[in-house]
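Enquirer: This is the structure, below, for whatever I ask next.
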Amino acid sequence: MTMEFFQLVKASEKDIPIIRQIAMAAWPLAYCSILSSGQLEYMLSSMYSENTLCDQLCSGEQDFIIAYRSSQPIAFAGFGIINKDPLIYKLYKLYVLPAVQKTGAGRSLLQEIEAISINAGATQLILNVNRANAAINFYERQGFSIIESVDISIGQGFWMNDYVMGKTLHNRS
């Protein structure tokens, strides 16, 4: 199977509308059978508002990378440092437009984030994924394993019922 070429670009504040557009298209499909419509709407409006994304991006809390195919934005990922000693990175977000899932865009973004993490000296990359999300299989194929199960209150009576997954990173030099 040949892997498509994707242009991966570090996002800036001007790219927030692109991130929001991809999230609004990908989230309903990814979570419609997992979350109630109320929780879906609540999480989208709180996690993907322009202000929230700007705070994450502008504060340096998260970096974002957008994947383009034929100059069209098709996926994004958000990641950042969660621990400095030892250095651990976290993948906070990874979403691909439904029409282009299974093309390698998600894998390309994940590989780029792993490379950035390794180059910075990180020893581990972690992420949270809903325990009912089919993406668990994708992450396992990429070398992640389940570390723990967590239930996180996110307000208004809603919970995130997640697995924390991790992957040990090895410097290839």
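Enquirer: What is the spin-label model distance, in nm, from N51 to A99 if the labels are put 7 Å beyond Cα along the C-beta direction?
Expert: 3.3
Enquirer: Enter the mean projected area of the convex hull around the alpha-carbon atoms of region 73-118, in nm², rounded to one decimal. Let's see the in-between values first.
Expert: Details: hull surface 12.8 nm².
Dividing the Cα hull surface by four gives the mean projection, 3.2 nm².
Enquirer: Continuing with the same structure: Might you report the magnitude of the Cβ-based charge dipole of region 91-173 about its Cα centre, with Lys and Arg at +1 and Asp and Glu at -1, to the nearest 20 debye? Don't skip to the end; give the middle numbers.
Expert: Numbers: 7 positive and 6 negative charges, 55 e Å.
The dipole of region 91-173 has a size of about 260 debye.
Enquirer: To continue, here is another question. Count the lysine pairs in the chain whose Cα atoms lie under 21 Å apart, taking only pairs 8 or more positions apart in sequence or on different chains. Walk me through the intermediate numbers first.
Expert: Details: K10/K90; K10/K93; K14/K93; K84/K93; K84/K167; K90/K167; K93/K102; K93/K167.
For the chain, the number of qualifying lysine pairs is 8.
Enquirer: Just one of (i) 24.8, 106; (ii) 17.8, 54; (iii) 15.6, 48 is Rg and Dmax of the Cα atoms in Å as worked out from the coordinates here. Which one is it?
Expert: (iii)
Enquirer: Can you give the helix-only mean residue ellipticity at 222 nm for the chain, where every DSSP H stretch with n ≥ 4 adds -39500 (n - 2.57) and the sum goes over all residues, rounded to the nearest 500 deg cm²/dmol? Let's see the in-between values first.
Expert: Numbers: 5 runs with 60 residues, N = 173.
Helix contribution divided over all residues of the chain: -11000 deg cm²/dmol.
Enquirer: For T168, what accessible surface area do you get with a 1.4 Å probe? Give it in Å², rounded to 10.
Expert: Looks like 90 Å² after rounding.
Enquirer: Another one. If the only charges are +1 at each Lys and Arg Cβ and -1 at each Asp and Glu Cβ, what is the size of the charge dipole of region 20-173 around the Cα centre, to the nearest 20 debye?
Expert: Values: 11 positive and 12 negative charges, 105 e Å.
Roughly 500 debye for region 20-173.
Enquirer: Next up: If you put +1 on each Lys and Arg Cβ and -1 on each Asp and Glu Cβ, how big is the dipole of region 27-91 around its Cα centre, in Debye rounded to 20? Intermediate results must be reported in sequence, preceding the final value.
Expert: Details: 3 positive and 6 negative charges, 48 e Å.
That gives a dipole near 240 debye.
Enquirer: Still on this structure: Over region 67-147, how many percent of alpha carbon pairs lie in each 10 Å bin up to the one with the longest distance?
Expert: Values per bin, smallest distances first: 17, 50, 28, 5.
Enquirer: Between the alpha-carbon centers of region 139-159 and region 68-94, tell me the distance in whole angstrom.
Expert: 16
Enquirer: If you take the charge dipole of the chain about its Cα centre, with +1 on Lys and Arg Cβ and -1 on Asp and Glu Cβ, which of S153, T52, Q62 is farthest toward its positive end?
Expert: My answer, from the dipole projection, is Q62.
Enquirer: If you don't mind, another one. Please identify every one of the trypsin sites (Lys or Arg not before Pro) in region 46-119 that sits in a loop by DSSP and has no more than 16 other beta carbons within 10 Å of its own beta carbon.
Expert: Numbers: sites: R69, K84, K90, K93, K102, R107; in loops: K102.
Qualifying residues, ordered by number: K102.
Enquirer: Let me ask another. Tabulate in residue order the Karplus-calculated ³J(HN,Hα) for region 10-27, using 6.51 cos²θ - 1.76 cosθ + 1.60 with θ = phi - 60°, rounded to whole Hz; enter x for Gly and Pro.
Expert: Listing the rounded values in order: 5, 7, 10, 4, 5, 8, 4, x, 5, 4, 4, 4, 5, 4, 5, 7, 8, 4 Hz.
The values are calculated or read from the model by the stated rules, or taken from the named source; none is laboratory data. What you see is a predicted model; the values in this text were computed from it and never measured. A quick note on method: Cβ atoms are made from the backbone with ideal geometry, for glycine too, and the neighbour counts reach across all protein chains shown. Accessible surface areas use protein heavy atoms only, side chains included; no ligands, DNA or RNA. Shrake-Rupley method; radii C 1.70, N 1.55, O 1.52, S 1.80 Å.
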